[in-house]
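*Asks:* Before I ask anything, let me first share the structure, which is written out below as structure tokens.
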Amino acid sequence: MRIRKAVFPVAGLGTRFLPATKAMPKEMLTVVDKPIIQYAVEEALAAGIEQIIFVTGSGKGALEDHFDSDLELEKTLAERNKTDLLKSVKSLLHTSGNIVYTRQSEPLGLGHAIWCARDIVGDEPFAVLLADDLIRSEVPVLHQMIQEFERLRASMMAITEVSPEETGRYGIIEPGETSVGSVRVKSMVEKPDPQQAPSNLAAIGRYILTPRIFEYLGRNEKGAGGEIQLTDAMEKLLEEQPVFGFKFDGKRYDCGDKAGFQLANVAFALDRPELREVLLPKLKEMLC
Ligand code: UTP
């Protein structure tokens, strides 16, 4: 079955970015001139996703407005012949009804946020994208994963190598056999200490999941940090179905972390010729 739906959990509190995220959703933080959530939505649309499902919480109104049309603004830009700006503010989602919102009434964890989308997803495999993970790649990572899903027909998550001291921030996999770009996951553990980590391969914010995951998420069992964790549900899923870690092509920036977010801004700005020209000499100057 084709992957038609993508879930975007955006109900977290974003405490690492306070006070910036006191009144503004973390997912609206901008890299260069676009909110990080827009990069993720563009990636999903480029991968052929037809329905965007946001799991929001309180204080996320700016995010809903961002993906809506602003007729007043569009009219003003059109009258002033600001064609490029007009193009950049027009809604990415041209067909009404292909964007759906549901609420997570309390931020009980990523696993719980995904579970909140169960009735909208229904009985079909679906994608999950976390806007925090911004990935620069030639082929959008979700597109790479959907191609791999067509081959493997199984749940998978994007994985990347992290340094041993970072394992306590991620879901870490115990790798089994490798098959081309993917590695079979034997087990998973959320935020292990480096001594307990089964490898240095960490799950990052791109998943394709079979609907069976809802069975395990629905048990509402709390894990690391007292939160309902996706990793714990996947650990149960892989006892009944194969689950793979997918080694994607691309460079990932952790925008949920201050240093990663700043690096993403520099990297994406240097990709723009007009900004590169101004920034590069100044950055070199700063480093001398
Ligand atoms: P994080 O683990 O980064 O948590 O969530 P957070 O609350 O956003 O940020 P910090 O750690 O307090 O700074 C990863 C993704 O899962 C979503 C977040 O919105 C983010 O996209 N999430 C997390 C939820 O939707 N609900 C939750 O209960 C937790």
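*Asks:* I'd like the full set of residues that are in a loop (DSSP other than H, G, I, E, B), in contact with a strand residue (DSSP E or B) (Cβ under 6 Å, 6 or more places away or on another chain) and within 12 Å of the ligand (Cβ to nearest atom), limited to region 191-235.
*Replies:* Q229, the sole residue that qualifies.
*Asks:* Can you report the number of residues in region 65-80 which are part of a helix (DSSP H, G or I) and either within 17 Å of G97 (Cα to Cα) or polar (S, T, N, Q) (or both)?
*Replies:* Of the residues in region 65-80, 3 are part of a helix (DSSP H, G or I) and either within 17 Å of G97 (Cα to Cα) or polar (S, T, N, Q) (or both).
*Asks:* Follow-up. I'd like to know if region 46-53 contains one or more residues that are away from the ligand (no atom under 15 Å from the Cβ), at positive phi and either assigned to a strand (DSSP E or B) or not basic (K, R) (or both).
*Replies:* yes
*Asks:* State whether one or more residues within region 65-75 are at pLDDT 90 or above and within 13 Å of the ligand (Cβ to nearest atom).
*Replies:* No, that holds for no residue.
*Asks:* Okay, next question. Please work out if I172 is surrounded by 22 or more Cβ atoms within 10 Å (Cβ to Cβ), within 16 Å of the ligand (Cβ to nearest atom), free of Cβ contacts under 8 Å to residues at least 60 places away in the same chain and not in a helix (DSSP H, G or I).
*Replies:* The answer is yes for I172.
*Asks:* I'm trying to understand the selection: among the residues of region 207-227, which are surrounded by fewer than 23 Cβ atoms within 10 Å (Cβ to Cβ) and within 26 Å of V162 (Cα to Cα)?
*Replies:* Within region 207-227, K222, G223, A224, G225, G226, E227 qualify.
*Asks:* Moving on. Name the one entry in K251, K191 that is under 21 Å from I172 (Cβ atoms), in contact with a Lys or Arg (Cβ under 9 Å, 6 or more places away or on another chain), charged (D, E, K, R) and at pLDDT below 95.
*Replies:* Answer to the check: K191.
*Asks:* Going by the conditions given, is A62 within 15 Å of the ligand (Cβ to nearest atom), farther than 26 Å from R169 by Cα, part of a helix (DSSP H, G or I) and of a type in the set (G, A, S)?
*Replies:* When the stated conditions are applied, A62 passes them.
*Asks:* Considering (1) out of contact with any helix residue (DSSP H, G or I) (no Cβ under 8 Å at 6 or more places or on another chain); (2) at pLDDT below 95; (3) crowded, with 16+ Cβ neighbours inside 10 Å, say which one E148 fails and leave the rest.
*Replies:* E148 satisfies every listed condition except (2).
*Asks:* Now a separate question. If you go through region 142-169, how many residues are within 16 Å of the ligand (Cβ to nearest atom) and within 15 Å of the chain's Cα centre (by Cα)?
*Replies:* 4
*Asks:* Restrict the check to region 265-284 and report whether at least one residue is crowded, with 17+ Cβ neighbours inside 10 Å, part of a loop (DSSP other than H, G, I, E, B) and modelled with pLDDT of 95 or more.
*Replies:* no
*Asks:* Moving on. Output the number of residues of region 236-264 satisfying the condition of being touching a helix residue (DSSP H, G or I) at 6+ places or on another chain (Cβ under 9 Å) and either assigned to a strand (DSSP E or B) or buried (at least 21 other Cβ atoms within 10 Å of the Cβ) (or both).
*Replies:* Qualifying residue count, region 236-264: 13.
*Asks:* Could I ask something else about it? Taking region 91-140, which residues are within 15 Å of the ligand (Cβ to nearest atom) and either at positive phi or of a type in the set (D, E) (or both)?
*Replies:* Once the filter is applied, which keeps residues that are within 15 Å of the ligand (Cβ to nearest atom) and either at positive phi or of a type in the set (D, E) (or both), region 91-140 yields E106, G109, D132, D133.
*Asks:* Follow-up. Consider region 10-59. How many of its residues are more than 23 Å from F126 (Cα to Cα) and surrounded by 23 or more Cβ atoms within 10 Å (Cβ to Cβ)?
*Replies:* The total comes to 2.
The rows are residues; the columns are (1) touching a Lys or Arg at 6+ places or on another chain (Cβ under 7 Å); (2) more than 9 Å from the ligand (Cβ to nearest atom); (3) farther than 17 Å from A259 by Cα; (4) modelled with pLDDT under 95.
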position	(1), (2), (3), (4)
R4	no, yes, yes, no
F8	no, no, yes, no
A23	no, yes, yes, yes
I37	no, no, yes, no
V41	no, yes, yes, no
A44	no, yes, yes, no
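The values are calculated or read from the model by the stated rules, or taken from the named source; none is laboratory data. Computed from a prediction, not measured in an experiment: that's the story for all the values here. Reconstructed Cβ throughout: ideal geometry from the backbone, glycine too, with neighbour counts over all protein chains shown.
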